[in-house]
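Here is the structure we will look at.
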Amino acid sequence: EDQVTQSPEALRLQEGESSSLNCSYTVSGLRGLFWYRQDPGKGPEFLFTLYSAGEEKEKERLKATLTKKESFLHITAPKPEDSATYLCAVKENYGQNFVFGPGTRLSVLP
Amino acid sequence: EAQVTQNPRYLITVTGKKLTVTCSQNMNHEYMSWYRQDPGLGLRQIYYSMNVEVTDKGDVPEGYKVSRKEKRNFPLILESPSPNQTSLYFCASSLNRGSEKLFFGSGTQLSVL
């Protein structure tokens with residue numbers, strides 16, 4: 001059974017304090033790993049797709065990386081507007097569905 | 001503006017009273033799906049549809065029904081809601097079943113008393 005776990009559950013950073021969020025996954029054959037951002041009272045918003053180990057994607061202060069068992073979302077010099085819940089999801093090779101992790105709630109304090 | 005629209009945003013009801021949550025997308029997407037989000041459990045898929053008149057069960061379909069009579073609409077029906085269906089519900093769509101990018105609605109917070 002496909003599984004996705006995320007750590008930490010919650011993370012509080014000072015503005016400018018870089019850190020990483022972890023997504024660990026178990027899937028029989030990975031088609032893709034996805035990162036979404038969810039703001040309070042809103043639906044998740046797509047950030048990245050990663051397909052194979054070693055791949056990296058960047059967007060502003062965010063960089064996502066992928067290994068065979070986990071993905072990291074690195075946040076460099078975060079700002080308060082980066083505060084959100086970050087969701088990780090996987091899709092297996094012949095699957096129809098995404099399997100989501102529980103998310104990491106990030107708070108960036110000014 | 002391209003969007004997925006859900007209604008209502010908030011709904012309080014009582015056990016056994018049938019309700020419908022509507023979902024509409026204006027992007028001509030083939031694939032639509034319903035999720036529920038509960039603390040600590042992440043998003044779990046309830047039902048999905050790959051095109052008009054084609055629907056299938058997700059991971060947690062019990063107690064829910066869906067229909068896809070038109071491409072743009074995908075309502076979620078709870079015929080006899082129970083308290084364990086209290087949750088935050090999201091509708092999502094994508095271009096087709098192979099697309100990797102899901103577009104989500106803003107959510108419906110349902111409380112069943």
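A short reminder: the numbers here are calculations on the coordinates, not readings from a lab. Here the structure is a predicted model, which is why all the values come from computation and not from measurement. Because the Cβ atoms are built from the backbone with ideal geometry, glycine has one as well, and the counts that use them run over all protein chains shown.
For chain B, the relative contact order is 36 percent, taking Cα pairs closer than 8 Å that sit 6 or more residues apart in sequence and dividing their mean separation by the residue count. Here the gap between residue A:81 and residue A:7, fully extended at 0.36 nm per residue and compared with their Cα-Cα distance, gives a gain of 24.6 nm. Considering only Cα atoms, the convex hull volume of the protein assembly as shown works out to 119 Å³ per residue. Shape class of the stretch A:35-110 from the alpha-carbon gyration tensor: oblate, with a/c at 1.5 or above and b/c at least as large as a/b.
Highest mean packing comes first when the peptides B:77-87, B:40-50 are listed by Cβ atoms within 10 Å, giving B:40-50, B:77-87. Around the Cα centre of the stretch A:25-110, unit charges on the Cβ atoms of Lys, Arg, Asp and Glu (plus for the first two, minus for the last two) sum to a dipole of about 100 debye. Bridging of residue B:71 to lysines at a Cα separation below 21 Å is possible for B:57, B:101, once same-chain residues fewer than 8 apart are set aside. A crude spin-label estimate for the pair residue B:82 and residue B:14, with each label 7 Å from Cα along the Cβ direction, gives 1.9 nm.
For the peptide B:83-92, the mean number of other protein chain Cβ atoms found within 10 angstrom of a residue's Cβ is 1.
Residue separation of residue A:18 and residue A:42 scaled by 0.36 nm, minus their Cα-Cα distance, works out to 6.1 nm of gained length.
Measuring between their Cα centroids, the stretch B:13-45 and the stretch A:1-37 lie 24 Å from each other. Put +1 on the Cβ of each Lys and Arg and -1 on the Cβ of each Asp and Glu in the stretch A:1-78; which of A:54, A:41, A:76 then has its Cα farthest toward the positive end of the dipole? The residue sitting most towards the positive pole is A:54. The residues packed around residue A:100, meaning those with a beta-carbon under 12 Å from its beta-carbon, carry a net charge of 0 if Lys and Arg are +1 and Asp and Glu are -1. Between residue A:26 and residue B:27, the FRET efficiency estimated from the beta carbon spacing at R0 = 35 angstrom works out to 0.60. When the square roots of the Cα gyration tensor eigenvalues are ordered a ≥ b ≥ c, the ratio a/c for the stretch B:40-83 is 1.5 or more and a/b does not exceed b/c, which makes its shape oblate. The equivalent ellipsoid that matches the C-alpha gyration tensor of the stretch A:65-107 spans semi-axes of 25, 13, 7 angstrom, in descending order.
First check a/c for chain B, with a ≥ b ≥ c the square roots of the eigenvalues of its C-alpha gyration tensor; if it is under 1.5, answer rounded, and if not, answer prolate when a/b is larger than b/c or oblate otherwise. It is prolate, given that a/c is not under 1.5 and a/b is the larger ratio. Charged neighbours of residue A:65, selected by a Cβ distance under 11 Å, balance to -2 (K, R count +1; D, E count -1). Each Cα pair under 8 Å and six or more residues apart adds its separation to the average, and for the stretch A:15-67 the resulting relative contact order is 23 percent.
Summing charges over neighbours of residue A:38, with a neighbour being any other residue whose Cβ is under 12 Å away from its Cβ, gives +1 when K and R count +1 and D and E count -1.
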